[in-house]
Structure formats: structure tokens, C-alpha cells
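Before any comments, here is the structure.
The values are calculated or read from the model by the stated rules, or taken from the named source; none is laboratory data. Model, not experiment: these values are computed from the prediction. Note that we place each Cβ from the backbone using ideal geometry, even for glycine, and neighbour counts take in every protein chain shown. For accessibility, only protein heavy atoms count, side chains too; no ligands or nucleic acids. Shrake-Rupley method; radii C 1.70, N 1.55, O 1.52, S 1.80 Å.
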Amino acid sequence: LNRKPARAEYVRHPDEFVWMDGALDAVRLLTERGFRLLVISNQAGVARGAMTDDDLQAVDTRMMADAAAAGGRIERAYYCRHDWDAGCDCRKPKAGMLHQAQREFHLDLSRTPYIGDDDRDGQAAELAGAPFIQVNEERSLLAIAHTLTTEAS
């Protein structure tokens, strides 16, 4: 959804959250077509002291508000706040957050596309049994949204 900062750098303030080109349109389009949108994100900056839980909450609030203002809806965001080497079950590439979303939203993960921009996203999706679609320079989130909404029609 947002432009990814360099490794070991974090979006610590709402003003540092910069939407990828077309991402808000993708959120709106997917919402309009009945998709339920969840965010699943590693946020080691909390454990590493680069940001606080309040900082993360402020960024989350801004993301949700921007999505709503664009006509979309992100229903929930799941964050792993643990450090890179914490060994938790939630940090991607592990599938803990996907399984938590599965329980809370009664998802059939085999039919729930997981869209991400990192190889760890793909590994987590594979562990959870979810189809993975990777955002990259050749395939934007908006292009993926158009494909998904066309297939769902």
C-alpha cells in the first residue's frame, strides 16, 4: 500500500506514510466489489525502539482514514511488533498473522488471495495455503485489483 522504506528504516509518523501510485484506487475498487481488505505487516521498529505503539497506531489511523476518504475500507490491520530475530510465530515469513485473520474473519485461506511486495509475504502465504500475488514494478496493486474484480464478476 505504501512506498516501502529502506531496510531498518520505518514509517514512524503518519506524514511518512506515502501511498503507492494507484493504491487508494485499488482499495476503493476492491471495496466496491465486495472484497474484505486486511493488512498484515511486520513492524520491527517497535521492538527496536525506532517507534512506539502510539506511533504505529497513528500511522494505522491515517492509513484507514485515507482509505475511507477514497471510498475504500480496510477492515483490520495485523502487526508483528517483534524484532527480526525474536522467533515469534507472527513475524512473516511465518503465517501466524494470516492464521489469526483466518480465525477472526472465518476465512478459507485457500480462496483468500494474499497480495504483497516481499518474498516473505509469499512464504507466509504458502505456509498458510493462500494464493499469493506479488506487487512489483511490472504489476501494480491497481492492476491486480482490476484482475481480481474482473475474475469475481
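Some observations on this one:
- Breaking point among (1) assigned to a helix (DSSP H, G or I); (2) open to solvent by less than 40 Å² (accessible area, probe 1.4 Å), for G72: (1)
- Residue ID - nearest to R76 (Cα to Cα), chosen from residues in region 35-53 that are under 19 Å from the mean Cα position of the chain (by Cα) and among the charged types (D, E, K, R): R36
- For region 45-59, the candidate set comprises residues that are part of a helix (DSSP H, G or I) and of a type outside the set (A, V, I, L, M, F, W, C); within that set, the residue that is nearest to E9 (Cα to Cα) is D55.
- Filtered by the rule that a residue be among the charged types (D, E, K, R), surrounded by 17 or more Cβ atoms within 10 Å (Cβ to Cβ) and farther than 15 Å from A145 by Cα, region 7-61 gives R12, D55, D60.
- Residue match in region 81-90 (condition: open to solvent by less than 40 Å² (accessible area, probe 1.4 Å), outside any strand (DSSP E or B) and touching a His at 6+ places or on another chain (Cβ under 8 Å)): yes
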